[in-house]
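Please read the structure below before turning to the comments.
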Amino acid sequence: MNRPERKTYFLKTFGCQMNVYDSERMAETLARDGYSETSDVDGADLVILNTCHIREKAAEKVYSELGRIRDVKNERAKDGKNTVIAVAGCVAQAEGPEITARQPAVDLVIGPQSYHRLPELITRTTVDRKHIVETEFPGDEKFARMKAPRRISSPSAFLTIQEGCDKFCTFCVVPYTRGSEYSRSVAKIEAEAHELARAGAKELVLLGQNVNAYHGEGADGRTASLADLIRTLAAIEGVERIRYMTSHPRDMSDDLIAAHADVPQLMPFLHLPVQSGSDRILAKMNRKHTAAEYVDLIARIRKARPDIALSSDFIVGFPGETEQDAEDTIALIEAVGFAQAFSFKYSARPGTPAAGHGDQLDEAVKSERLLRLQAVLDAQQVSFNAQSLGGVVPVLFERKGREAGEFVGRTPYLQLVHAAGEGDLIGKTANVAVNETRRSSLSGVISAA
Ligand code: SAH
Ligand code: SF4
Ligand code: F3S
């Protein structure tokens, strides 16, 4: 007897780690529903784009992608095959019905808070044969209603503990696309962490748009902080490393700083976006801290954990940014010293307060300032990595490298390391003697433990 053919899906993820996590959860739900994944879009019965709205370029990419997928859909229709096209993520949330108006080949628009309804809504598109737009904030937790077992794609597993943001930085769409801050309970996170550890996860990366604002319900009914949660998760058998991102300087509490001093599983790395080093711009951004407060905070964190590696996000060319403001940002970078960082040209986003400011800068000015800033950051990253040369670093291997016998992993400071090894090193931690350093990675040889 012929078994019915399994339906296939093609899933492409844009944007931040929170989207990567959501995509993993959607994939698990689809697998339970009998779908198998394909990397070949032409062969897919279901195509999902999990999208990002943070900058204009990210959002526009979705439409060019959708144009190509519409062509695939039309080709497949000639062979009598149906293709369901779904747009998920932050563009879905922000633009809703504009998406199907602009690209009618799209069947389903689904916001980030409705993923537990994905299978049901896909079925409805094939029955009703009309566009479905689902962008409600239902108020109950989607993850609790996604019952498919957790799988891991890497020994370093993402775990979303908090969603949304109440900060309303004037440049940012996240409070609109992800809604207000919500923390999952410690019990639910702990159960998921156990499941991930049993599946082979060695590192947990706790995720949230504002992760250090975490305030979930604790086991004793009281509110738990991120530091409390980290201490709970550190006790789980098999969890060797814990990281968290992304944090806001305002929520870097003393107990979290203390956890960096005394929880050995908590890695000495912190991504703490500052965005600008100019107080004038920080105020216009509604960041609620000054450059000096940020520098002082870093000093307190370094006192607790002297070797901590720091990372940040920067926006250059915010409306009204002067040459002096740009220089102030470079001065802050020089005062702090970053191991790595992300930097972006300001992109005006519809509906955000800063987009309405009259003093938008020219692209050319933004580009020039970005290059100048990145030159300073790149030099810091080169010199941070160079400090590892000749030393031995513990590396948790996450995947195979491109060369035969090569594995790729990370140091506690999140540096990427390439090393050749015998057998299967994935999920194992080994000491690597570093013999070459570049801006964005290290290489070395595995030394006896
Ligand atoms: N919650 C995090 C950031 C999430 S968005 C925080 O508070 O820092 C990730 C990064 O994208 C931001 O840190 C910022 O540097 C950048 N970003 C956000 N909106 C932007 C915009 N309109 N233009 C350019 N970069 C932006
Ligand atoms: Fe956006 Fe982060 Fe500001 Fe929230 S805190 S509005 S996510 S930049
Ligand atoms: Fe992008 Fe949404 Fe993440 S806008 S950065 S995918 S929260």
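The values are calculated or read from the model by the stated rules, or taken from the named source; none is laboratory data. No experiment lies behind these values; they were computed from the predicted model shown. Positions of Cβ are backbone-derived with ideal geometry, glycine not excepted, and every protein chain shown enters the neighbour counts. These accessible areas exclude ligands, DNA and RNA; they are computed on the full protein's heavy atoms, side chains included. Shrake-Rupley method; radii C 1.70, N 1.55, O 1.52, S 1.80 Å.
List the pairs from K202/K303; K167/K284; K61/K167; K7/K400; K57/K81 whose alpha-carbon separation is above 21 Å, in the order I gave them. Before the final figure, lay out the partial values.
Details: K202/K303 28 Å; K167/K284 13 Å; K61/K167 27 Å; K7/K400 29 Å; K57/K81 32 Å.
Flagged as over cut-off: K202/K303; K61/K167; K7/K400; K57/K81.
Using a 1.4 angstrom probe, figure out how much accessible area the chain has per residue, in square angstrom, rounded to the nearest whole.
With the other protein chains kept in place, the chain gives 44 Å² per residue.
Could you look at the chain and say what percent of its accessible area is carbon and sulfur, using a 1.4 Å probe and all protein chains? Don't jump to the answer; show the numbers that get you there.
Values: 10110 of 19740 Å².
Carbon plus sulfur share of accessible area: 51 percent.
Using just the helices of the chain, give the 222 nm mean residue ellipticity in deg cm²/dmol: DSSP H runs with n ≥ 4 each add -39,500 (n - 2.57), and the total is spread over all residues, rounded to 500. Don't skip to the answer; put the middle values down first.
Numbers: 13 runs with 156 residues, N = 449.
One gets -11000 deg cm²/dmol as the mean residue ellipticity at 222 nm.
Given R₀ = 30 Å, FRET efficiency for E406-E28 by Cβ-Cβ distance, to 0.05? Walk me through the numbers on the way to the answer.
Numbers: r = 30 Å, r/R0 = 0.99.
After rounding to 0.05, the efficiency reads 0.50.
With both partners inside the chain, how many of the DSSP beta bridges are antiparallel, as a percent to the nearest 5? Write down the numbers at each step before the final one.
On the way: 24 of 69 bridges.
So the antiparallel bridges in the chain amount to around 35 percent.
At most 11 other Cβ atoms within 10 Å and a DSSP loop assignment: could you name the trypsin sites (Lys or Arg not before Pro) in region 210-294 that fit?
Working: sites: R222, R231, R241, R243, R250, R280, K284, R287, K288; in loops: R222, R287, K288.
Taking region 210-294 and a limit of 11 other Cβ atoms within 10 Å, the loop trypsin sites (Lys or Arg not before Pro) found are R222.
No partner Cβ under 4.7 angstrom, meaning no disulfide-compatible partner by this rule: which Cys of the chain qualify?
Among the cysteines of the chain, those whose Cβ sits 4.7 Å or more from every other are C16, C52, C90, C165.
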